[in-house]
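Have a look at the structure below, then the notes.
The values are calculated or read from the model by the stated rules, or taken from the named source; none is laboratory data. Computed from a predicted model, the values in this text were never measured in an experiment. Cβ coordinates were reconstructed from backbone atoms using ideal geometry, including for glycine residues, and neighbour counts include every protein chain displayed. Accessible surface is based on the protein model in full, side chains and every heavy atom, while ligands, DNA and RNA are left aside. Shrake-Rupley method; radii C 1.70, N 1.55, O 1.52, S 1.80 Å.
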Amino acid sequence: MAGYLRIHPERRDATGRFEELPETDRLRARNYTRFAFLAGVSNWANIVPISPPRGLPDDASETVRRTFANGLRHATSWLTLDELLNFDYDQPLRFREDVRPEQCTAGTYRELLDDDFLQALRDFRAQGATRLVFWFDY
């Protein structure tokens, strides 16, 4: 079971390398619905995540690499803000093996996820972020 989501927004600098934006607590709370959506972690709703974990990107910023090296991590991944903001949150939920748990009453991803999640994505974009690198701490 996951402990906390660690999100590191990144953007490209003038040389084309990724740099981390100032650290943020946005989306850091223990929210298993977000965990399930982002990487299939602590997936109480049995939903198909937006993407399976991709690992640490080869071109991650130095700050992110240093932070990643210090701790127990799992389900490390990254998603672009385009992927996250262009996702069709109004589509019907998709379930692994087509099995919907009884406790999942939402019909769409928008109904399942909270408004703060979507607003945080828009805020990251407004700050210049182009991708989010993330993992889960034990």
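Could you count how many residues in segment 115-138 are of a type outside the set (Gly, Ala, Ser) and either without any contact (Cβ under 8 Å) to a residue 60 or more places away in the chain or open to solvent by 50 Å² or more (accessible area, probe 1.4 Å) (or both)?
Residues of segment 115-138 of a type outside the set (Gly, Ala, Ser): 115-119, 121-125, 127, 130-138.
From what's left, either without any contact (Cβ under 8 Å) to a residue 60 or more places away in the chain or open to solvent by 50 Å² or more (accessible area, probe 1.4 Å) (or both): 115-116, 118-119, 121-122, 125, 127, 130, 138.
Qualifying residue count for the region: 10.
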Residues of segment 32-47 that turn out to be open to solvent by 20 Å² or more (accessible area, probe 1.4 Å), touching a Phe, Trp or Tyr at 6+ places or on another chain (Cβ under 7 Å) and either over 19 Å from residue 137 (Cα atoms) or of a type outside the set (Phe, Trp, Tyr) (or both), as a count: 2
Residue pairs meeting the criteria (Cβ under 8 Å; at least 6 apart or on separate chains; first modelled with pLDDT under 90, in segment 23-40; second open to solvent by 40 Å² or more (accessible area, probe 1.4 Å) and of a type in the set (Lys, Arg)): 28/6
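Select, from 133, 48, 99, 64, the only residue that is among the aliphatic types (A, V, I, L, M) and more than 19 Å from residue 5 (Cα to Cα). Give the derivation first.
Values: 133 fails: more than 19 Å from residue 5 (Cα to Cα); 48 fails: more than 19 Å from residue 5 (Cα to Cα); 64 fails: more than 19 Å from residue 5 (Cα to Cα).
After applying the criteria, what remains is 99.
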First in segment 69-84 and at pLDDT 90 or above, second anywhere and open to solvent by 40 Å² or more (accessible area, probe 1.4 Å) and part of a helix (DSSP H, G or I), Cβ under 8 Å, 6 or more apart: 76/68; 81/125
Test result for residue 66, without any contact (Cβ under 8 Å) to a residue 60 or more places away in the chain and out of contact with any Leu (no Cβ under 7 Å at 6 or more places or on another chain): yes
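Quick check: anything in segment 45-60 of a type in the set (Val, Ile, Thr) and touching a Cys at 6+ places or on another chain (Cβ under 9 Å)?
Quick first cut of segment 45-60, residues of a type in the set (Val, Ile, Thr) only: 47-48, 50.
Next, only the ones that are touching a Cys at 6+ places or on another chain (Cβ under 9 Å) stay: 47.
There is at least one residue in segment 45-60 that is of a type in the set (Val, Ile, Thr) and touching a Cys at 6+ places or on another chain (Cβ under 9 Å).
What do you reckon, is residue 106 without any contact (Cβ under 8 Å) to a residue 12 or more places away in the chain, open to solvent by 10 Å² or more (accessible area, probe 1.4 Å) and aliphatic (A, V, I, L, M)? Lay out the reasoning, then the answer.
Details: without any contact (Cβ under 8 Å) to a residue 12 or more places away in the chain: no; open to solvent by 10 Å² or more (accessible area, probe 1.4 Å): yes; aliphatic (A, V, I, L, M): yes.
For residue 106, the condition - without any contact (Cβ under 8 Å) to a residue 12 or more places away in the chain, open to solvent by 10 Å² or more (accessible area, probe 1.4 Å) and aliphatic (A, V, I, L, M) - is not met.
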All positions within segment 1-17 that are open to solvent by less than 30 Å² (accessible area, probe 1.4 Å) and either of a type outside the set (D, E, K, R) or part of a helix (DSSP H, G or I) (or both): 2, 3, 5, 7, 8, 9
